[in-house]
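These notes are about the structure you will find just below.
Derivation of every value follows stated rules applied to the coordinates shown; laboratory data play no part. From a predicted model like this one, the values you see are computed outputs, not experimental measurements. No Cβ is skipped: glycine too gets one built from the backbone with ideal geometry, and neighbour counts run over all protein chains shown.
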Amino acid sequence: MLLVAGITNTFPVFLPALLAEFGGSRAATASTASLLWIGGALLSPVALIADAYVRRRGLATGIAFGGAMAAYALAPPAQWIITHWGWRPAFWCYAAVILALIPWAWRAHPTQLASVRSGDAGSSESAAVTIAGIVRSAGFWSLFVMFTTPPLFGYLATTQHALYFVERGFSAGQASVLLAIGGLLAGGGRALAGLTADRLGGPIAGFLSFSCSLVGMVCLIAMEFRPGWVLAAGYVFFLFLPLGSRASIVTVLLGRIAPPAQYGVIFGLLGIGNNLGAALGPWLSGILFDRTGSYLVIYLCALGIALTGLGALSVFCLVTRWSPTARPA
C-alpha cells in the first residue's frame, strides 16, 4: 500500500517536473495519476484483506491502508531525487522496491486468506442475505456515495499542493515537508479512525472524520486570502489526519448490511466507487484550473463534495438504524 497506492499521494511533487518537461495541460498531466486508480477500480472486486479480520476489523484495515497515506512522507526524498537526478530515476526507485516486494506478497497472502475463507462457509445468516439484495438497498448506495467522495475531494485538495504552496510564497522543499508531515498524520489517522470505529462505532468515527476534513478545507480556502504558516498547519493537520480514514470506517459500517460470506465482495464493489473517486480527483483538479486559472474554484468544489459525503453518511445511518436486517457497526 505504501509503494503502490501510495505513489499517487507522492505524485504532487512529480507534477511540477512533468509539467515543465512535457508542457501539457494540468488536466492531462494530472490524469496520469488517475489511470492508476482506474486500474484499482477494475481490480477492486477482488478484496484481498477485507474479510480477513472481524473483531478488530477497523484497526486492522486501518493499519494496512495506512501505508498508502504514509506515502506522503516519501515526498521529501522523492523531491530530492527529482531535484538532483530528475523524475525518471525517482520513478525507477519506486519500481525497483515494488518488484522486490512482489515475491514476498505473493507468498504471504494466499495462505492467510484461504484459512480465513474456509471458516466462513455455511452461515445461515449469510444464506438469507444475497449480494443482489444488498446492492439494491438504500444502505448500500448511501455507503457507496459516502465512500466515493473522500478520495475525490482529497485529491482535489492535494494534487496541486506543490504548485499551490510555491505560489503562496513557500519553497518547494517546504511544500514537500508539509506533505511529509501530512503523510505521517494520515498514516496514523487511518489506524486511529479504525480503533475509534471499533470502540465508539462507525457512525461516530465517520462524523468526526468528515468534520476534520471540512475544517482542513476551510483553512486551505482561507490561504487564498491570507497565506501563512498557521493556516498551512491547520490545513495539514485537519485535512491529512482523516485522509483515507474512511476506508477503515467503512469496514466497520459495512457490517450493518453485509454478513461475513458477502462481506468481501460487497467491500470490493464499494471499492469501485472509491477508486473511481480517486481517479476523478486529479483530473478534475487539473481541468478546473485549466478552465478557470483559480485554485479557489477547486477548493470550493472539494468543500461541496465533502458536504455531499457527510450527507450520504447521515442517510446511511438513518436507513440502517431502522432496517430490520441491520447489524451493529
Using Cα pairs under 8 angstrom and six or more residues apart, how large is the relative contact order of the chain, in percent?
34 percent
Once you have a ≥ b ≥ c as the square roots of the Cα gyration tensor eigenvalues for region 201-329, tell me rounded if a/c is under 1.5, and otherwise prolate or oblate according to whether a/b is larger than b/c.
prolate
How high is the relative contact order of region 134-237, given as a whole-number percent (alpha carbon pairs under 8 Å, six or more residues apart)?
19 percent
For region 175-328: relative contact order, % (alpha-carbon pairs under 8 angstrom, 6 or more apart)
29 percent
Would you please give the FRET efficiency between residue 291 and residue 167, computed as 1/(1 + (r/R0)^6) with r the Cβ-Cβ distance and R0 = 22 Å, to the nearest 0.05?
0.80
Integer Hz, Karplus 6.51/-1.76/1.60 couplings in order for region 285-296, x for Gly and Pro
4, x, 6, 5, 5, 4, 7, 10, x, 10, 6, 4
What translational diffusion coefficient, to the nearest whole µm²/s, does the chain have by Stokes-Einstein, given a Kirkwood radius computed over alpha-carbon pairs, a temperature of 37 °C and 0.692 mPa s viscosity?
163 µm²/s
Under a Gaussian network model of the chain whose springs join Cα atoms within less than 10 Å, the largest fluctuation of 80, 104, 92 belongs to 104
When you have a sec, figure out the Kirkwood radius of region 173-249 from all distinct Cα pair distances and drop it here in Å to one decimal?
12.6 Å
Could you give me the ³J(HN,Hα) list for region 244-261, computed from phi with Karplus coefficients 6.51, -1.76, 1.60 and θ = phi - 60°, whole Hz, x at Gly and Pro?
x, 5, 5, 5, 5, 5, 5, 4, 7, 4, 4, x, 6, 10, 10, x, x, 5
Whole-Hz Karplus ³J(HN,Hα) for region 179-196, in order, using 6.51 cos²θ - 1.76 cosθ + 1.60 and θ = phi - 60°, x for Gly and Pro?
5, 5, 4, x, x, 5, 5, 5, x, x, x, 5, 5, 4, 5, x, 5, 4
Cleavage-rule hits, chymotrypsin sites (Phe, Trp or Tyr not before Pro), region 183-277, DSSP coil, Cβ neighbours within 10 Å at most 13
225
If I build a Gaussian network model for the chain, linking alpha-carbon pairs within less than 10 angstrom, which residue out of 184, 200, 99 has the largest mean-square fluctuation?
99
